[in-house]
Each structure stands twice: as C-alpha cells, then as structure tokens.
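Asks: Submitted below is the structure of interest, expressed as structure tokens.
Rule-based calculations on the coordinates, nothing more; no lab input. The model shown is predicted, which means the values in this text are computed figures rather than measured ones. In this analysis, Cβ positions are derived from the backbone assuming ideal geometry, glycine residues included, and neighbour counts consider all displayed protein chains.
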Amino acid sequence: MRCKSCGIEGPTQHVTLWQNVGMIVARQWKKIDGDLCHPCIRKYFRSYTLTTLFLGWWGVVSLVVTPFILINNVYQFFRTSGLPEPELTSGQLGSRL
C-alpha cells in the first residue's frame, strides 16, 4: 500500500495523530489521518506530540483536550510499533532523501 505522506509503496497502517496549540482564548489544531509507513508515523508522532506537550496547555479548552491528544498519540504510536520499515528500491531512495 502507498503511504499517504511520502508516497512510498510498502507496509502501512492507518493512524490518526493530533496536534494542539493552546492560545489563552483560542486554539489551533492539526491532524494526520490515513495509511502511513513507519518512518512517517515516527516523524508525525515526534513533531505533533512534542508540540502538543509544550504548547498545548495554554487555554481552558486546551487544558482539557491536551491530555486526551497526548494519550491518543502515544497509543497510536505503540499500536503501530510492530510495522516493518519499507524496503526502498533505487527509484524510491531518491524521493526519500
């Protein structure tokens, strides 16, 4: 199956990862939802989870939402930890660099 993020053909798994940034009165959020390869899952998990961990707490709604987002992201990451790395062919190797 093809990865939604990088387009590499290989083993993928469906994940939904969230990011939350609290801003006292408002909040911004992003999500990635789809079939991703293990390197992309790792990349989005690291980026979204660290951003949420450090910037997700500022605001009343964000204070409540942030723990659920962090729990979801950790669950999604560990649920997909057994996914094998994609085997890159010479044509795919250039697109990953």
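Asks: Whole Å is fine, so just give me how far the alpha carbon centre of segment 6-27 lies from that of segment 63-78.
Replies: The two parts, judged by their Cα centres, are 11 Å apart.
Asks: If contacts are Cα pairs under 8 angstrom and at least 6 residues apart, what is the relative contact order of the chain in percent? Write down the numbers at each step before the final one.
Replies: Working: 162 pairs, mean separation 31.7, N = 97.
Relative CO of the chain lands at 33 percent.
Asks: What is the angle, in °, between the Cα long axis of helix 38-55 and the longest principal axis of the Cα atoms in the chain? Nearest 10 is fine, range 0 to 90.
Replies: Tilt relative to the chain: about 10 degrees.
Asks: Which order results if L36, L53 are arranged by neighbouring Cβ count within 10 Å, fewest first? Don't jump to the answer; show the numbers that get you there.
Replies: Details: L36 27, L53 14.
In increasing order of surrounding Cβ atoms, one gets L53, L36.
Asks: Considering only DSSP beta bridges whose two residues both sit in the chain, what percent are antiparallel, to the nearest 5?
Replies: On the way: 12 of 13 bridges.
In the chain, DSSP labels about 90 percent of beta bridges as antiparallel.
Asks: Could you list S47, S5, S62, S81 so that the one with the fewest beta carbons within 10 Å of its beta carbon is first and the one with the most is last? It would help to have the intermediate numbers written out before the result.
Replies: Working: S47 14, S5 17, S62 22, S81 10.
Ascending Cβ contact count within 10 Å gives the list S81, S47, S5, S62.
Asks: If neighbour count is taken as other Cβ atoms inside 10 Å, put L17, L63 in order from fewest to most. Can you show the working numbers first?
Replies: On the way: L17 21, L63 13.
Least to most surrounded, the residues fall as L63, L17.
Asks: Right, next: So, with +1 on the Cβ of K and R and -1 on the Cβ of D and E, and no other charges, what is the size of the charge dipole of the chain about its Cα centre, to the nearest 20 debye? Can you show the working numbers first?
Replies: Details: 10 positive and 5 negative charges, 49 e Å.
Here the size comes out at about 240 debye.
Asks: Sticking with this one: How many nm is it between the label spots at E9 and L53, if each spot is 7 Å from the Cα in line with the beta carbon?
Replies: So the two model labels end up 3.7 nm from each other.
Asks: Which residue, I24, I41, I69, has the most motion in a Gaussian network model of the chain that connects Cα atoms within less than 10 Å?
Replies: Most flexible of the set in this elastic network: I24.
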